[in-house]
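Asks: Got a structure for you, written out below as structure tokens; questions coming shortly.
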Amino acid sequence: MANIEKDAVTGTNTTGHEWDGIKELNTPLPRWWLWTFYATIIFAIGYWVAMPSWPTLSGYAQGQLGYSSRANLVEDMKAQKMERASWQQKFASMDTADIAKDGTLLNYAMAGGKLVFADNCAPCHGSQGSGGPGYPVLADDDWLWGGSLEAIEATIRFGIRGAHGDTRTSEMPVFGGDLSADQIAAVADHVLSLSGAGSANADGAAIFVEQCAACHGEDGKGLRDFGAPNLTDGIWLYGTGRDAVIAQMNKPKHGVMPTWEGRLDDVSIKQVAIYVHTLGGGE
């Protein structure tokens, strides 16, 4: 306290602290700042009393006003559900094709279908239906089971090689034991020639007609009744090139698409079917 003195320039007492000849002034805080600070303390105490605040051993202090953001959310969800009920009933009562013809319902379907697709389908088929190794592209016009709204909806509902009783099922035989390596190679050359990716092979063409045409057709354009792919368009599900074709003939890969009926409600299935149909490859 002995070092406290009055500053000759400002007339303000010092605090007694001094560094390198610089003395610290004991300047009081502005009165407006102090009152603001006191007001925030009072407001905080009032907020703790009125609103949910402190946790307790069995819950939390709920506050005198009884406010609950969870309760507000529940009310908002109820209001939205009631608001959506009318057009959801229309979705449930109408065929997918008729929904797609209604401009208003189509907009709802596109918005809802996009969300359903992002949550359930995009991990395999890509965010824009771009597909990936072993997962079909949904944005082109190449469809194993058909690209109409009805066909797409059936594929989504029942899946492919899934658990549903009406699931779509196809299986390519293992030719590694029935055909020699030379015969398989000849068929691979013929298959590649169908899309212009290889030279014609007469022996392979003859074996193809005998062994493969029942599903893929003599022209190699595939048969949707069997889910057999078109071999003439250069679109490959399990890799491109001669080695990939030979590998698929020796030990075929068979993908599985889940059965979405039961996982998704009827409205969601119709919405995502319409959304997939509009990605660019729908028929």
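Asks: Just to be sure before I move on: is residue 32 aromatic (Phe, Trp, Tyr), in contact with a strand residue (DSSP E or B) (Cβ under 6 Å, 6 or more places away or on another chain) and either in the same structural domain as residue 261 (by TED's automatic domain parsing) or assigned to a helix (DSSP H, G or I) (or both) in the structure I sent?
Replies: In short, no.
Asks: Further, regarding this structure: Hey, can you tell me all the residues within the stretch 145-178 that are surrounded by fewer than 18 Cβ atoms within 10 Å (Cβ to Cβ) and farther than 30 Å from residue 273 by Cβ?
Replies: Listed by number, the residues that qualify are 173, 174, 176, 177, 178.
Asks: Go through the stretch 128-150 and give me each residue that's more than 18 Å from the chain's Cα centre (by Cα) and over 20 Å from residue 231 (Cβ atoms).
Replies: Selection gives 148, 149, 150.
Asks: Pairs please, first residue from the stretch 80-95 and under 12 Å from residue 271 (Cα atoms) and of a type in the set (Gly, Ala, Ser), second anywhere and assigned to a loop (DSSP other than H, G, I, E, B) and modelled with pLDDT of 85 or more, Cβ atoms under 9 Å, 6+ apart in sequence or on different chains.
Replies: Qualifying pairs under 9 Å: 92/265.
Asks: Hey, another quick one. Just give me the residues in the stretch 153-208 being of a type in the set (Phe, Trp, Tyr) and under 30 Å from residue 266 (Cβ atoms), in sequence order.
Replies: The one that is of a type in the set (Phe, Trp, Tyr) and under 30 Å from residue 266 (Cβ atoms): 158.
Asks: Failed condition for residue 118, given (1) surrounded by fewer than 20 Cβ atoms within 10 Å (Cβ to Cβ); (2) in contact with a Ser or Thr (Cβ under 9 Å, 6 or more places away or on another chain); (3) in contact (Cβ under 8 Å) with a residue 12 or more places away in the chain, with all others met?
Replies: For residue 118, the failing item is (3).
Asks: Here is a further query. Given the residues 163, 197, 186, 139, which is the only one that is over 30 Å from residue 95 (Cβ atoms), of a type in the set (A, V, I, L, M, F, W, C) and modelled with pLDDT under 95?
Replies: Of 163, 197, 186, 139, the one residue that is over 30 Å from residue 95 (Cβ atoms), of a type in the set (A, V, I, L, M, F, W, C) and modelled with pLDDT under 95 is 197.
Asks: Can you tell me which residues in the stretch 229-282 are under 16 Å from residue 212 (Cβ atoms), surrounded by fewer than 20 Cβ atoms within 10 Å (Cβ to Cβ) and β-branched (Val, Ile, Thr)?
Replies: Matches in the stretch 229-282: 232, 246.
Asks: In the stretch 166-250, which helices (runs of 4 or more DSSP H) lie fully inside it and hold 3 or more residues that are under 26 Å from residue 132 (Cα atoms) and not assigned by TED's automatic domain parsing to the domain that holds residue 146?
Replies: Those helices (runs of 4 or more DSSP H) span 181-194, 242-250.
The values are calculated or read from the model by the stated rules, or taken from the named source; none is laboratory data. Not measured: the values here are computed from a predicted model. We place every Cβ from the backbone using ideal geometry, glycine too, and count neighbours over all the protein chains shown.
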